[in-house]
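Here, each number is a calculation from the coordinates, and none is a lab measurement. All values reported here derive from a predicted model rather than from experimental measurement. Because the Cβ atoms are built from the backbone with ideal geometry, glycine has one as well, and the counts that use them run over all protein chains shown.
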Amino acid sequence: MKARDLMAIKLIKISSVYFAIGTLLGYYMSVVHSYELTGVHVHINLLGWTALTLAGILYHLFPSLTFGKLAGVHFWLHNIGLPVMMVCLTMLLTTKNEAWTAEVAAGATLTVIGILVFTVNVLKNLRA
């Protein structure tokens with residue numbers, strides 16, 4: 001199996017975990033009628049489930065996206081930044097402690113940089 005396929009498979013498997021977490025969080029909020037974690041729920045589903053699934057599919061379908069270092073940089077920044085952002089946002093919202101703001105911002109910054117690297121990679125390397 002090629003390295004590009006391994007990364008694509010890893011992204012899709014990771015995204016499936018985010019899908020389960022996002023769904024369970026949404027279910028929990030519905031059961032307890034508390035929606036203070038809606039922002040966490042939405043970001044887990046969008047940036048975890050949807051974005052990582054699509055990235056994995058693109059890396060699989062277009063091998064040119066996996067040449068060079070950009071794909072690996074995207075993989076690691078996205079997969080480090082997103083959980084940091086989500087855990088810290090959960091802590092900020094549940095404790096109402098603004099001290100978590102810097103950690104949320106740090107995770108968000110890593111995630112955004114990862115997504116921008118992915119965008120540059122697609123614009124630079126996507127070929128038929």
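Could you give me the radius of gyration and the Dmax of the stretch 8-102, taking only the C-alpha atoms into account and expressing both in angstrom?
Considering the stretch 8-102 through its Cα atoms, Rg and Dmax are 15.1, 47 Å.
What are the ³J(HN,Hα) values, in whole Hz, obtained from phi via the Karplus relation 6.51 cos²θ - 1.76 cosθ + 1.60 with θ = phi - 60°, for each residue of the stretch 48-64 in sequence order, with x given for Gly and Pro?
Once rounded to whole Hz, the list reads x, 6, 5, 5, 6, 4, 5, 4, x, 5, 5, 4, 6, 6, 10, x, 4.
Report ³J(HN,Hα) in whole Hz for each residue of the stretch 67-80, in order, from the Karplus equation J = 6.51 cos²θ - 1.76 cosθ + 1.60 where θ = phi - 60°; Gly and Pro get x.
Here the 3J(HN,Hα) series is 6, x, 9, 4, 4, x, 4, 4, 3, 6, 5, 5, 7, 9 Hz.
Which residue, N45, N97, N79, tops the fluctuation ranking in a GNM of the chain built on C-alpha contacts under 10 Å?
N97
Setting aside same-chain residues fewer than 8 positions from K13, which lysines have a Cα under 22 Å from its Cα?
By straight Cα distance, K13 reaches K2, K69.
Given DSSP loops and a limit of at most 15 other Cβ atoms within 10 Å, what is the longest stretch of the chain that contains no such trypsin sites (Lys or Arg not before Pro)?
Counting at most 15 other Cβ atoms within 10 Å as exposed, the longest clean stretch of the chain is 3-68.
If each residue of separation counts as 0.36 nm, what is the full-extension length gain between V73 and L54 once their alpha-carbon separation is subtracted?
Separation in residues times 0.36 nm, less the Cα-Cα distance, equals 5.2 nm.
GNM, the chain, Cα, under 10 Å: largest mean-square fluctuation among F118, F75, F67?
So, out of F118, F75, F67, the one fluctuating most is F67.
Can you tell which of G68, G26, G81 shows the greatest fluctuation in a Gaussian network model of the chain with Cα springs below 10 Å?
G68
Which is farthest toward the positive dipole end of the stretch 1-123 among L77, V40, T101, measuring Cα position about the Cα centre, with Cβ charges +1 (Lys, Arg) and -1 (Asp, Glu)?
Value computed over the given set: L77.
Whole-Hz ³J(HN,Hα) for each residue in the stretch 96-103, computed from phi via Karplus 6.51 cos²θ - 1.76 cosθ + 1.60 with θ = phi - 60°, x for glycine and proline: what do you get?
6, 9, 5, 4, 7, 4, 5, 5
Normalised by the empirical 2.2 N^0.38 Å for globular proteins, what value does the Cα Rg of the stretch 66-114 take?
1.31
For the stretch 1-57, what value does the Rg/Rh ratio take when both radii are computed over Cα atoms and Rh is the Kirkwood radius, given to two decimals?
1.14
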